[in-house]
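Asks: Can you read through this structure? Questions will come right after.
The values are calculated or read from the model by the stated rules, or taken from the named source; none is laboratory data. Keep in mind the model is a prediction, meaning the values are calculated, not measured. Glycine gets a Cβ as well: all are built from the backbone with ideal geometry, and neighbour counts include every protein chain shown. Just the protein is used for accessible areas: all its heavy atoms, side chains included, with ligands, DNA and RNA removed. Shrake-Rupley method; radii C 1.70, N 1.55, O 1.52, S 1.80 Å.
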Amino acid sequence: MYSQNMSRDNGEKRVADALALLNDAGFSPAGAHVLDIGCGPGTLSLPLARAGANVTALDIAPGMLDQLRGAARNEELVLTPVECSWWTADIDQMDFRDQFDLVIASMTPGIRDRECFDRMTACSKKFCYYSGFVRREWDKAYTDISRYVLHEDFNNRVTSMLYPFMYLYSQGHTPLTRFSQTVWKEDEPWEAAAERAIDFMARGREFDNPVKEWIREYYRAASHDGIYPSVTNGHIGMMVWTVNRR
């Protein structure tokens, strides 16, 4: 229950921080058309729709969109879910270009390179919002396993906020920027935690069975009464800028 409350409190704080930044930038949700890229279960889509925005919520995961549809239907919100990968999205075919008062990309892997970022800004006729990690201090298990298995340090990776900010700055933008710190705590059975770590770290790689068993044994040994307590410390950056069409 404690970990659930922590996650809920952190989520509510992140939403409040994002909405406050948008308000300070001059964005008003009432009647606005919003595109949320990588919307997930609706962390920002739902609050914006409740505030009167007409939200197009895009995600590659059908399960996330099902959750979002259910919540929107229960609250009778104006919200359109779209199942799509932003990596391959054709914004002209989708009629997204220059169509939205606000385009959001919040804590999403959907913005992976310059092309995806440019595609995001091309859909906005006024405001863009982006958030990502400035620094992420991973749970001890992820740190130890990444060093043993991948021979790298997750905590020294260049994070997702730096490149978009510098790219905007090089184009003459000075986005309104804020920073916050969030701690995620989650208690779960060690078996589930181990399989999640294997799935995450094996992206683009093949782990053999001895490596998988080493990871499982790590989580088993670090658990208490069968439960592994994970703690991740995240430093998050948020920025809003206006799109200038020449």
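Asks: What number of residues within region 109-153 satisfy the criterion of being free of Cβ contacts under 8 Å to residues at least 40 places away in the same chain and either buried (at least 17 other Cβ atoms within 10 Å of the Cβ) or among the small types (Gly, Ala, Ser) (or both)?
Replies: Selection size over region 109-153: 3.
Asks: I've got another one for you. What's the number of the condition ALA71 fails, among (1) in contact with a His (Cβ under 7 Å, 6 or more places away or on another chain); (2) more than 19 Å from VAL240 (Cα to Cα)?
Replies: It is condition (1) that ALA71 fails.
Asks: With (1) surrounded by 12 or more Cβ atoms within 10 Å (Cβ to Cβ); (2) over 22 Å from the mean Cα position of the chain (by Cα); (3) in a helix (DSSP H, G or I); (4) of a type outside the set (Asp, Glu) as the list, and ALA197 as the residue in question, which single condition is left unmet?
Replies: (2)
Asks: Further, regarding this structure: Please go through (1) at pLDDT below 85; (2) on the phi < 0 side of the Ramachandran plot; (3) open to solvent by 70 Å² or more (accessible area, probe 1.4 Å) for GLY234 and return the number of the only condition it doesn't satisfy.
Replies: (3)
Asks: Another question, then. Suppose we keep only residues that are among the small types (Gly, Ala, Ser) and in a loop (DSSP other than H, G, I, E, B) within region 1-48. Which one would you say is modelled with the lowest pLDDT? Full working, then the answer.
Replies: Within region 1-48, the subset among the small types (Gly, Ala, Ser) is 3, 7, 11, 16, 18, 20, 25-26, 28, 30-32, 38, 40, 42, 45.
Next cut, in a loop (DSSP other than H, G, I, E, B) only: 26, 28, 30-32, 38, 40, 42.
On the way: GLY26: 96, SER28: 97, ALA30: 97, GLY31: 96, ALA32: 97, GLY38: 94, GLY40: 89, GLY42: 94.
Among those residues, the one meeting the criterion is GLY40.
Asks: Can I ask one more? Just one of the numbered conditions (1) within 17 Å of LEU35 (Cβ to Cβ); (2) more than 15 Å from the chain's Cα centre (by Cα) is not true of THR143; which one?
Replies: All conditions are met except number (1).
Asks: For the list (1) of a type in the set (Val, Ile, Thr); (2) open to solvent by 30 Å² or more (accessible area, probe 1.4 Å); (3) over 27 Å from GLY52 (Cβ atoms), I need the number of the one condition that THR177 fails.
Replies: (3)
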